[in-house]
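Each remark here refers to the structure printed beneath this line.
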DNA sequence: ATTGTCGTCT
């Protein structure tokens, strides 16, 4: 068979096959190399290996690389090996580049390296340079450096070698080493600048200056890298200046600006630029679209992200994995299940299980889908999707999204099961996994499990993520009722950030330890952290839960003047709570009336809650009216109003509210409590008799109530009736979920150990009083967490000192 | 032949 000469290939002809239709915009390609890959491959597979024809294999591999199909390139390489061909020093740089572009493991790279050595090409400078680059992209810095050092010992390093090693350090989070090698390298070209600019985290003014002086800034790659460097440093002013000064801009330049604005919080500017790209009829690529979609998604604007996606499809731009992952995270953020399903359909059709597609890419879409379904509370779909991913294809994110989904939106116990299964199957959790488990612990107040996770963290050093993990531990310990251990974790931190301080302060606030919270507030400022809006919410919350009315007012008054933090609706809500708990209802009302911004439902709700506590029906009715105008679907508002009437003995009004609720189709959320004991977590609804120990529980409860009555406990009948629901029988005082949980806790805990109870709603007043008395006669400290705060009952008193 | 810019998840 006649084979075209390799140097000037003439088109191979096959009369039996019509040429494939070629895109119209590539006429030259069509003329010179029609169907090159297809026919050449056919020829090559039928020819005996010969060095003079190796050219064709190399050419095929290069073509695959140009088509951004590295897996295909590697398959070609495999194929040629199978057919008995020997690669040469031209082949290796291509295949090494291909393996570097695969998002998954370095295994391929290692075996290619061994092929290189076996065939004796490691002394070729091109091959060695490609090896350095490949190891850099696979994140194997040590081997990149080893190859580089061997070259430099032989004295064969060229400019490309230096550029490659700089790039290796820069892209693997070693900016210092990258800059060091850049300085050592001496010879500087455009590529050197492009490689070193990402390492200039705190501004690369010098490199930018050099680019200007040398004229290399004219190179559009260099200009883009400069724009991107400023954008990543948050110096959008500088970025914009460079952008406007660039004579040659390309799509990447625009994209870098759009992303820069979006990531530095100036999303409106990003959108302006995006519009401008439309107007200038710049052909947008997948990066542009993904960038805008991710901008919306990160701001929780899932529906807007969806609109951009539709626009993208209409303009015939092909979404890729990144686009879908961004989009799904937007759907997850707003719980947009329908839209999420739409994306799922799109993914099945266009994205998953493609030939030459990469499994390492597929798993990212799968993870994002699982996350989306879990956050949209479709746990069955999420779990079956999770199960459908083969265990060997799962990665740590697959596990983490599933664990996190259950922890935050579903069954936290399920998180624990998954976590232990994950460890059994020898997957390595990362800081995010740990964080999700700690969220689950906090939700259930599962202190024992939380301590096990803490122990795991100590055994398996989390080095660079330790700050993040420790912050999560502080939160977990606080929410599990052990703020002293939270403090211990805080004290032992080598490095603290804003979140560390805020978390601990929140912890003290929750436990009514306002003095300590305010000490932390002062120490935090001494440590150089300026308080912001969130900090003041925490401060005011701590004051109100500790009865520190005067100081709360003081902070509220000075936060704007002295700290420059503008008062938002959330701060007003805290103040209403603070005044309300102290019984200063009219002052709270005046505060709301004087608000410069529209009062949010939560502000009115807080006042209504205070009206109920203090039995001010007249004001309560007014407040309820305002509240229901704003938000008529919240079961809590109706319950408060009804309880308030019950308190005042106005049973007709109670019935009126109940029927109002019924006609609006609103049901009271049932109270539920759970308790940790030796046997694990047990949960109880009102009048619950499903627990196997039910009989003992009710007997113990009756006994306890008899005994505390002697001590002066009087059942508060107003509360007894407050929860009476026409449909619910047996809603008696003694059957409240928290009382059942307490009895279970006493039955199943060793004397002297604290009993930890969590309730989904606010604790009822009668239970609070009963708990106080019971703590006098049992050998247990009782730690009760309700939806508002913690109550530590000890020897006949409660930590909330009446501010509950 | 080899080194180069922009977008993603927990």
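The values are calculated or read from the model by the stated rules, or taken from the named source; none is laboratory data. Bear in mind that the values here come from a model prediction, so they are computed numbers and not experimental data. FYI the Cβ positions are ideal-geometry reconstructions off the backbone, even for glycines, and counts take in every protein chain you see.
Of the residues making up region A:390-399, those that are touching a helix residue (DSSP H, G or I) at 6+ places or on another chain (Cβ under 6 Å) and away from DNA strand B (no atom under 12 Å from the Cβ) number 1.
Could you please let me know if residue A:774 is closer than 24 Å to residue A:647 by Cβ and at pLDDT 90 or above? Yes; evaluated as a whole, the condition is true for this residue.
Taking region A:441-476 as the range and being more than 18 Å from residue A:415 (Cα to Cα) and surrounded by 21 or more Cβ atoms within 10 Å (Cβ to Cβ) as the test, the residues that pass are A:470, A:471, A:474.
The residue pairs whose first member lies in region A:312-332 and is under 9 Å from residue A:290 (Cα atoms), whose second member is outside any helix (DSSP H, G or I), and whose beta carbons are closer than 7 Å, counting only pairs six or more residues apart or on different chains, are A:324/A:351. Select from region A:110-124 the residues that are under 16 Å from residue A:151 (Cβ atoms), touching a residue at least 12 places away in the same chain (Cβ under 8 Å) and out of contact with any helix residue (DSSP H, G or I) (no Cβ under 7 Å at 6 or more places or on another chain) and write down the one among them that is farthest from DNA strand B (Cβ to nearest atom). Result: A:123.
All conditions in (1) assigned to a helix (DSSP H, G or I); (2) within 11 Å of DNA strand B (Cβ to nearest atom) hold for residue A:177, with the sole exception of (2). Against the conditions (1) more than 9 Å from DNA strand B (Cβ to nearest atom); (2) modelled with pLDDT of 90 or more; (3) crowded, with 18+ Cβ neighbours inside 10 Å, residue A:310 satisfies every one except (3). In the set (1) in a helix (DSSP H, G or I); (2) under 23 Å from residue A:761 (Cβ atoms), the condition left unmet by residue A:589 is number (2). Residues satisfying the criterion are present in region A:140-162 (criterion: assigned by TED's automatic domain parsing to the domain that holds residue A:86, under 29 Å from the mean Cα position of the chain (by Cα) and under 29 Å from residue A:223 (Cβ atoms)).
So, residue A:491, is that one more than 15 Å from DNA strand B (Cβ to nearest atom) and over 22 Å from the mean Cα position of the chain (by Cα) or not? Judged against the criteria, residue A:491 is a match. Of the helices (runs of 4 or more DSSP H) lying entirely inside region A:194-301, those carrying at least 2 residues that are more than 10 Å from DNA strand B (Cβ to nearest atom) and either outside the structural domain of residue A:181 (by TED's automatic domain parsing) or without any contact (Cβ under 8 Å) to a residue 40 or more places away in the chain (or both) are A:205-214, A:236-245, A:267-279.
Yes/no matrix, rows are residues, columns are (1) surrounded by fewer than 16 Cβ atoms within 10 Å (Cβ to Cβ); (2) assigned to a helix (DSSP H, G or I); (3) within 13 Å of DNA strand B (Cβ to nearest atom):
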{"site": "A:60", "(1), (2), (3)": "no, yes, no"}
{"site": "A:64", "(1), (2), (3)": "no, yes, yes"}
{"site": "A:71", "(1), (2), (3)": "no, yes, no"}
{"site": "A:74", "(1), (2), (3)": "no, yes, no"}
{"site": "A:78", "(1), (2), (3)": "yes, yes, no"}
{"site": "A:87", "(1), (2), (3)": "no, no, yes"}
{"site": "A:95", "(1), (2), (3)": "no, yes, yes"}
{"site": "A:99", "(1), (2), (3)": "no, yes, yes"}
{"site": "A:108", "(1), (2), (3)": "no, yes, no"}
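Tallying residues that are surrounded by 16 or more Cβ atoms within 10 Å (Cβ to Cβ) and not in a helix (DSSP H, G or I) within region A:558-572 yields 2. When the residues of region A:405-422 are filtered to those that are surrounded by fewer than 24 Cβ atoms within 10 Å (Cβ to Cβ) and under 13 Å from residue A:439 (Cα atoms), the one that is farthest from DNA strand B (Cβ to nearest atom) is A:413.
Restricting A:694, A:737 to those that are out of contact with any helix residue (DSSP H, G or I) (no Cβ under 8 Å at 6 or more places or on another chain) and either at pLDDT 90 or above or closer than 21 Å to residue A:754 by Cα (or both) reduces the list to A:737. Within region A:56-84, the set of residues being in contact (Cβ under 8 Å) with a residue 40 or more places away in the chain and under 21 Å from residue A:118 (Cα atoms) comprises just one member, A:75. Quick check on residue A:317: is it in a helix (DSSP H, G or I) and either within 15 Å of DNA strand B (Cβ to nearest atom) or farther than 21 Å from residue A:259 by Cβ (or both)? When the stated conditions are applied, residue A:317 does not pass them.
Restricting attention to region A:127-170, the residues that are near DNA strand B (Cβ under 8 Å from one of its atoms) and farther than 16 Å from residue A:99 by Cα total 7. Looking at A:222, A:248, just one residue is within 28 Å of residue A:163 (Cα to Cα) and exposed (fewer than 14 other Cβ atoms within 10 Å of the Cβ), and that residue is A:248.
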